[in-house]
Amino acid sequence: MLEIINRGYVYRAAPISQEVEMYLRQCFGADRKIYNLHVAHLYDYLEKNNYQIGDKLPSLKKMGMPTVSVFKKQSVSEDNVAYLYLVDAFASNEAKQHFNKAITAFNKIAYKKQYKKSALKRQKTLGIKPTFRDLKGMPKFHSRKGSKSSYTTFNQNGNIYMKDDILYLPSAQKSSVKVVGLKLNTHRSLPQDSKIKNVTVTMNTKGQFDVSICVEFPLEIASIGTPARILGLDYSQSHFFVDNEGKKANYPHYYRKMKERLAKEQRILSRRKKGSKRWEKQRLVVSRLQLKVASQRKDWLHKKAYALAKRYDMIVVENLDLRAIGQNKKYAKNQQDNGFGDFRLYLKYKLAQRGKYFIKAPKDFASTQLCSTCGHKNTVLKGNVNIREWDCPSCGNQHDRDINAAFNLKQYGENYSKKEILPQTVVV
Ligand SMILES: [Zn+2]
């Protein structure tokens, strides 16, 4: 069956000239400027309308948010920010979309009334009462320093294209920069016949550029039919996962390994004068370490998922609420570190691409509590993660907690593939 696949590809990139780099920086500036105008309007509205902590934020319409073009006109006439008209219009328009997303995200957690740690600390030491601006998740001003910059643009009638490893992006009609090109470090080329949908250009704190290219491409996927090799994977705090054969993932805890080094560099940073040259230099050292950990982790996850998707026809995992685990303080560190959520996603699409199956067992399937021999449900195990081994009170069989759970997941997959008619391509 011919499927249309959507996928993102990230490449390190370098602007082909100084002018192009300037142009891109102005695009980032436009994104930031328009976003910040939205935030300023929001804060102003909340102050005037006596916003109560815990309330949801109003819609853009309700708070009388000016349109992007009004914001542009104002900025150009009042603050003389002429470049807003000299850059890709998408940069400004997308800022509004991002702001809208930030509002939606905040409204989901507004009821929690959580303040940022820094604000609570300030209250404790200086007695300054936190305001709505200090709420966790509240849209905040984007600063030029200390964080990455980005803007997104969309392909219209082929004005985004690749040629000889150079990615060409649209310019603005009034801009003096006619050709906006970035030389890509293409370690992996785009799939055949792919159409570029949109591109996000990012500049990290080191001043390096990355492009994330979203493409759409057709792929012929032949279903493998009835799956023969089925694997159950049980999520494990310490081993990442344990499979039904008792094999452990042996996740190298990159973050933990780097922790001491990172802590040391961060201590040095905290001793330096904020904003000074030496501080700036040290900040780069810290962010380089953090980036390194992140890329090591991602690389490992991809390789592991690839190996499993190649070997097995169907992989069954539990439908775990990873966010709930992340919020549990005891586990939060591990959870942050290992990214099981990303791993599931990689598995899913790597299997799908081969016409294979990825299954999440339903939430009410008690993979941990069921005895994989006789099916007895041992509720003693519920919520009690300290029991690593147990004997079934019904049939007497001895179980390793994780392997037993993984085995149940495998069985779930086996039953599923017998009972249900598997769709041509993939189960999600
Ligand atoms: Zn039993």
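The values are calculated or read from the model by the stated rules, or taken from the named source; none is laboratory data. In this text, all values refer to a predicted model and were calculated from it rather than measured experimentally. Cβ atoms come from the backbone with ideal geometry, glycine included; neighbour counts cover every protein chain shown. SASA here: full protein model, heavy atoms, side chains in, ligands and nucleic acids out. Shrake-Rupley method; radii C 1.70, N 1.55, O 1.52, S 1.80 Å.
Residue pairs exceeding 21 angstrom between C-alpha atoms, taken from Lys360/Lys419; Lys56/Lys96; Lys73/Lys140; Lys73/Lys108; Lys101/Lys136: Lys73/Lys140; Lys73/Lys108.
Taking every DSSP beta bridge that has both ends in the stretch 2-220, the antiparallel portion is near 100%. Where does helix 329-338 land angle-wise versus the long Cα axis of the chain, in degrees 0 to 90, nearest 10? Tilt of helix 329-338: around 80 degrees.
For Gly232, the amide hydrogen comes within under 5 Å of the amide hydrogens of Asn244, Val316, Lys410, counting only partners 5 or more places away or on other chains and with H modelled in the peptide plane. Normalised size of the stretch 331-416, defined as Cα radius of gyration per 2.2 N^0.38 Å with N residues, equals 1.26. Between Phe141 and Lys178, what FRET efficiency comes out of the Förster formula 1/(1 + (r/R0)^6) with R0 = 22 Å and r the beta carbon distance, rounded to 0.05? Working from the Cβ atoms, E equals 0.10. Taking every alpha-carbon pair in the chain and binning the separations at 20 Å intervals from zero gives 19, 47, 30, 3, 0 percent.
May I ask you to derive the FRET efficiency for Asn198 and Lys310 from their Cβ-Cβ distance with R0 = 41 Å, giving the value to the nearest 0.05?
0.85
Taken along the Cα-to-beta-carbon direction at a fixed 7 Å, the label points for Ser77 and Asn415 span 7.0 nm. Isolated cysteines of the chain, defined as having no other cysteine beta carbon under 4.7 Å away, are Cys27, Cys214. What is the helix-to-structure angle for 254-271, meaning the angle in degrees between its Cα long axis and the longest Cα principal axis of the chain, kept from 0 to 90 and rounded to the nearest 10? Rounded to the nearest ten degrees, it is 30.
Normalising by the residue count of the chain, find the relative contact order in percent from Cα pairs under 8 Å and 6+ residues apart. That works out to 17 percent. Amide H contacts for Gln114 (H built 1.01 Å from N in the peptide plane; partners 5 or more residues away or on another chain; cut-off under 5 Å): Lys136.
Ordered from largest to smallest accessible area (heavy atoms of protein chains, 1.4 Å probe), the residues Asp402, Asp391 come out as Asp391, Asp402. Model label points for Tyr111 and Ser276, set 7 angstrom from Cα along the Cα-to-Cβ axis, are 4.9 nm apart.
Positive-end ranking of Pro191, Ala172, Leu37 along the dipole of the stretch 2-220, with charges on Cβ about the Cα centre, is headed by Leu37.
Using a cut-off of 31 Å between Cα atoms, the listed pairs Lys116/Lys410; Lys116/Lys257; Lys206/Lys356; Lys248/Lys363; Lys72/Lys112 include Lys116/Lys410; Lys206/Lys356; Lys72/Lys112 as exceeding that distance. Expressed as a whole percent, the accessible surface of the stretch 37-116 that belongs to carbon and sulfur atoms is 51, based on a 1.4 Å probe.
Relative to the dominant Cα principal axis of the chain, helix 18-48 is inclined by about 80°. Taking 0.36 nm per residue of separation and subtracting the current Cα-Cα distance, fully stretching the chain between Arg188 and Asn100 would add 28.3 nm. Scalar couplings 3J(HN,Hα) for the stretch 228-235, obtained by applying the Karplus form with A = 6.51, B = -1.76, C = 1.60 to θ = phi - 60°, are 9, 9, 10, 10, x, 10, 9, 5 Hz; x denotes Gly and Pro.
Were the residues from Ile166 through Thr125 laid out at 0.36 nm apart, the gain over their Cα-Cα distance would be 9.5 nm. Based on the Cβ-Cβ distance of Gln398 and Arg267, what FRET efficiency does E = 1/(1 + (r/R0)^6) give at R0 = 56 Å, to the nearest 0.05? With a Förster radius of 56 Å, E is 0.70.
What translational D, rounded to a whole number of µm²/s, comes out for the stretch 2-220 from Stokes-Einstein when the hydrodynamic radius is the Kirkwood one over Cα pairs, at 20 °C and 1.002 mPa s? Translational diffusion coefficient: 110 µm²/s.
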